[in-house]
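The values are calculated or read from the model by the stated rules, or taken from the named source; none is laboratory data. These numbers were taken from a predicted model, which means no experiment stands behind them. Cβ placement follows ideal geometry from the backbone for every residue including glycine, while neighbour counts extend to all protein chains displayed.
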Amino acid sequence: MGRKESSQLAVPQQKVPRAHLRDMVIDTAMSMFKERGIRSVTMDELSSRMGISKRTLYELFEDKEALLVSGMRKKKELETAQFSAPEMQRKTILDLALIFYKQVIEDHKDVCPQFFDDLVKYPKALALINEFHQSDRMRGRAFFQRGVEEGMFRSDIDYEVLDVLSLLNTKPFGWLEAFRSVGFDKAFQTLMMILLRGIATPEGQEKIDDFLRLHGGL
């Protein structure tokens with residue numbers, strides 16, 4: 001980043017409430033991590049970018065991993081709040097799956113491969129990912145059952161088996177090398193579409209086709 005952009009991002013810490021400053025640091029750090037990788041971004045660089053002292057930064061976050069974990073938790077909390085909103089709950093489960101699908105594709109378009117390479121080197125971050133996966137699995141059965149009841153998902157699929165198979169894609173980044181050649185966003189897009197089409201009823205497949213036409217096929 002150039003000197004001009006860095007000065008625009010500087011934050012006069014005395015004018016910003018501490019909770020708000022913490023959020024701003026998280027957002028800036030996560031953006032930098034995704035653009036360049038985690039290990040290449042230093043706390044010195046981040047404090048300079050934010051226009052705050054290193055002491056202030058370390059008072060907010062004890063180290064880079066604590067900052068990374070906070071960023072991951074914040075994203076998960078925002079995602080949970082978004083999909084728990086009343087207007088979302090009025091949608092079919094397939095609508096919610098497609099919205100989530102589109103959102104994840106958009107989120108991963110600008111993430112560099114180095115981010116994922118670096119992520120596996122932070123044990124607390126990996127533990128949090130596993131925590132998220134376990135929580136998502138607990139809700140998975142209700143998710144699929146609701147889809148069946150709404151006529152969007154097929155009733156002749158053993159969803160317990162599907163849940164076990166899904167673990168192959170959630171083991172901490174064992175698929176990195178396989179996905180690197182095609183791009184993470186394209187790989188995820190293909191896998192998600194295979195999954196959704198595979199479990200969708202004819203009515204559900206029509207809804208998927210309508211969604212893809214509306215969004216240009218993603």
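Just a few scattered comments:
- Of all residues in the range 128-185, those that are part of a loop (DSSP other than H, G, I, E, B) and either modelled with pLDDT of 80 or more or not hydrophobic (A, V, I, L, M, F, W, C) (or both) total 14.
- Hey, Glu59 touching a Lys or Arg at 6+ places or on another chain (Cβ under 7 Å) and either modelled with pLDDT of 95 or more or not assigned by TED's automatic domain parsing to the domain that holds Asp117 (or both) or not: no
- Only one of Lys75, Lys34, Lys121 that is assigned by TED's automatic domain parsing to the domain that holds Phe188 and either surrounded by fewer than 16 Cβ atoms within 10 Å (Cβ to Cβ) or in contact with a Cys (Cβ under 9 Å, 6 or more places away or on another chain) (or both): Lys121
- Phe61 vs. criteria touching a helix residue (DSSP H, G or I) at 6+ places or on another chain (Cβ under 8 Å) and either surrounded by 16 or more Cβ atoms within 10 Å (Cβ to Cβ) or of a type in the set (A, V, I, L, M) (or both): yes
- Residues being surrounded by 15 or more Cβ atoms within 10 Å (Cβ to Cβ) and either aromatic (Phe, Trp, Tyr) or closer than 26 Å to Glu131 by Cβ (or both) - total across the range 40-58: 4
- Segments classed as helices (runs of 4 or more DSSP H), wholly inside the range 15-110, with at least 3 members that are among the charged types (D, E, K, R) and without any contact (Cβ under 8 Å) to a residue 60 or more places away in the chain: 18-36, 43-50, 54-60, 64-84
- Only one entry of Ala81, Ala29, Ala97 meets the criterion of being surrounded by 15 or more Cβ atoms within 10 Å (Cβ to Cβ) and not assigned by TED's automatic domain parsing to the domain that holds Val148, and that entry is Ala29.
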